[in-house]
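Structure first, then comments.
The values are calculated or read from the model by the stated rules, or taken from the named source; none is laboratory data. In this text, all values refer to a predicted model and were calculated from it rather than measured experimentally. Here the Cβ is made from the backbone with ideal geometry for all residues, glycine too, and neighbour counts use every protein chain on show. Surface areas here come from the heavy atoms of the whole protein model, side chains and all, with no ligands, DNA or RNA. Shrake-Rupley method; radii C 1.70, N 1.55, O 1.52, S 1.80 Å.
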Amino acid sequence: MRHEKVKAQSLSIGELAERTGCSVPTIRFYEEIGLIPKAARTDGGRRTYAASDAKLLTFIRRCRDFGFPVEQVRDLVMLSTSHDRNCFEARDLASGHLQSVRDKIAEMKELEHSLEEFVERCDIQCAGGPAAECVILEDLAEDRRGCRC
């Protein structure tokens, strides 16, 4: 009876993956880099996980869903269990990441604008003509390093 209770509380790596939405290779990777603790092992060498591991892995997956890099996730995990550190540290990490996301959005808007111009120029100047004379291909062949156009 006791063995059944322990078994009911432990999860295989596949069950953990299903419960948390992480893939098995991702779980192994997080274990390898120390983002999650090494799993307990059965006598047969199979990994077993507790409900607390599922909660931690869900937390990590959510951080990754928001695009936090692994090192910032590591910091957030440490903050999530710290009673000695200030929550402003989490806010500052989130604020820094927010700025990074905003910068990427601005870059993507510039890219969108450039691609719109490519398409419009093609429609006006060469649509239907020989591909080798397409203004899009000509523009892509120009070296415009440093130019955000």
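For Rg and Dmax of the Cα atoms in Å, the value calculated from this model appears in [x] 24.6, 79; [y] 18.1, 61; [z] 14.3, 42 under label [x]. Summed over the residues of the chain and divided among them, the accessible surface reaches 74 Å² per residue at a probe radius of 1.4 Å. Placing a pseudo-label 7 Å from each Cα along the Cα-to-Cβ vector at VAL101 and LEU140 gives an inter-label distance of 3.1 nm. Listed by chain and number, the aspartates and glutamates placed with their C-alpha closer than 15 angstrom to that of LYS104 are GLU112; residues fewer than eight positions away on the same chain are left out. Carbon-plus-sulfur accessible fraction, the chain (probe radius 1.4 Å, protein heavy atoms only): 55%. Distances between placed amide hydrogens fall under 5 Å for ILE36 paired with GLU31, all partners being 5 or more residues away or on another chain.
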